[in-house]
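Here the structure is laid out as structure tokens; the discussion comes afterwards.
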Amino acid sequence: GAGSPHPYVHADEAKCDQHMETFLRCIDASGGSSENGFSAIKMTALGRPQFLVRLSEVLVRWRRFFQQLAAEQGQAGQPALAISLEVEKLQEALAKLGIATKEESQQWFTGEELGTSGTVDLLDWSSLIDRRAELPKLLLVPNMQTRQLEPLLSRFGAEEDLQMQRVLQRLDVLAKRATEKGVRLMVDAEQSYFQPAISRLTLEMQRRFNRDQATIFNTYQCYLKEAYDNVTVDVELSRREGWHFGTKLVRGAYMEQERERAARVGYEDPINATYEKTTEMYHSAPTLSCKCLDYILEEIKRSGRASVMVASHNEDTVRATLRRMRELGIHPLEKKVCFGQLLGMCDQITFPLGE
Ligand SMILES: Cc1cc2nc3c(=O)[nH]c(=O)nc-3n(C[C@H](O)[C@H](O)[C@H](O)COP(=O)(O)OP(=O)(O)OC[C@H]3O[C@@H](n4cnc5c(N)ncnc54)[C@H](O)[C@@H]3O)c2cc1C
């Protein structure tokens, strides 16, 4: 279930293959019992946790580095999507830090999409990691704590690339079966030290399988301080690349564990300070600027190329969704919005909604 705090422990890759077989049976069962059914999968069952941690570290450090460079261009604290770095200044900063000469970094910003505008945003920056084979093997990034330069990919080598291929192959098998059976595949969100990798691998699937409709659903946890940035950046990616944004929106299941780990290891708590802040981030903030649900509903209204499962047992959340749908004129029969409750946990909401 989504509430289970413990990731699977793997003896070896064979275990992951067994899990994949189990997920395949779930997809078949869901396809057999309803039209447009759902099936949920957990990424920590399909790849080694250590690999997911390492990939997450790389992604987080790369993103923090972008934020640091943004701060140097006077854009600290901006919403992720609003940040736009001038290539010229960016190259100067990289040269000054001793990371790459202007000639070296010149090649990074000459991809198809990059460089034409003379600016680099977070999506451009993230795409550099996809092209990491072109980056110098020993690319250095500043460690935010020690201010020392460290190799970004030191713990992410050929073995990790191989594991990534294996996870993507398993996901491919699952996504193909889900497409065949008309089942929507929801990838659960897990702990924050896995989540950047989980989300990244899920996006990879969405790119391939959500061309005509939302088959793959990514999960966003509104208890994360960065939830709104994550949602908006990924919606923007789906717009640019032309695929359907499928999402399950939750508050998040691992709060105590997250807080305990952050305190023990000594990093900033990734969770919103209060329950109210989490609910604001979901749907109730006084301004539009940080509500994940509203952002997605507006995308549904605007493009018709997004879908959301509101996965919550909270009656206010369900009511807020229905109200906003009415305001925006999103009809339930469009089937872009659905509600998810865990079996038997909230029948007083589930049954009336079904009607
Ligand atoms: C269909 C379905 C699928 C789910 N899938 C996932 C999944 O993939 N990943 C996942 O992590 N969870 C998942 N969950 C669980 C979900 O994240 C919540 O833990 C659970 O639903 C309780 O939240 P609520 O909105 O239903 O209820 P509420 O009672 O309104 O909210 C409780 C939640 O609020 C948040 N919260 C509580 N106190 C605080 C505080 N002091 N500060 C900040 N935040 C606080 C926590 O997230 C807590 O779980 C799923 C739930 C459902 C129904």
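The values are calculated or read from the model by the stated rules, or taken from the named source; none is laboratory data. Remember, predicted model here, so these are calculated numbers, not experimental data. Positions of Cβ are backbone-derived with ideal geometry, glycine not excepted, and every protein chain shown enters the neighbour counts. Calculation scope for accessible area: heavy atoms of the full protein, side chains included, ligands and nucleic acids excluded. Shrake-Rupley method; radii C 1.70, N 1.55, O 1.52, S 1.80 Å.
Specify the residue that is farthest from the ligand (Cβ to nearest atom); the eligible residues are those in segment 206-221 that are within 12 Å of the chain's Cα centre (by Cα) and not β-branched (Val, Ile, Thr). Across segment 206-221, the extreme among qualifying residues is Gln206. Determine whether segment 55-62 contains at least one residue that is loosely packed, with under 14 Cβ neighbours inside 10 Å and touching a strand residue (DSSP E or B) at 6+ places or on another chain (Cβ under 9 Å). No; the residues of segment 55-62 include none that is loosely packed, with under 14 Cβ neighbours inside 10 Å and touching a strand residue (DSSP E or B) at 6+ places or on another chain (Cβ under 9 Å).
Might you let me know whether segment 223-236 holds any residue that is touching a Lys or Arg at 6+ places or on another chain (Cβ under 8 Å), more than 16 Å from the ligand (Cβ to nearest atom) and open to solvent by 10 Å² or more (accessible area, probe 1.4 Å)? No, there is no match, as no residue in segment 223-236 is touching a Lys or Arg at 6+ places or on another chain (Cβ under 8 Å), more than 16 Å from the ligand (Cβ to nearest atom) and open to solvent by 10 Å² or more (accessible area, probe 1.4 Å). For segment 60-84, how many residues meet the condition of being touching a residue at least 24 places away in the same chain (Cβ under 8 Å) and outside any helix (DSSP H, G or I)? The total comes to 3. When Gln191, Gln163 are screened for being more than 16 Å from the ligand (Cβ to nearest atom), buried (at least 16 other Cβ atoms within 10 Å of the Cβ) and over 21 Å from Gly304 (Cβ atoms), only Gln163 passes. Selection over segment 231-258 of residues that are touching a Pro at 6+ places or on another chain (Cβ under 9 Å) and touching a residue at least 12 places away in the same chain (Cβ under 8 Å) gives a count of 5.
Quick one: which residue in Gln169, Gln145, Gln163 is at pLDDT below 95 and assigned to a helix (DSSP H, G or I)? Answer to the selection: Gln163. One residue stands out in segment 291-316 among those that are over 21 Å from Phe38 (Cα atoms) and open to solvent by less than 50 Å² (accessible area, probe 1.4 Å): the one that is nearest to the ligand (Cβ to nearest atom), namely Cys292. Which residue, of Glu57, Glu21, is in a helix (DSSP H, G or I), modelled with pLDDT of 95 or more and either closer than 23 Å to Trp125 by Cβ or of a type in the set (D, E, K, R) (or both)? When all the criteria are applied, what remains is Glu21.
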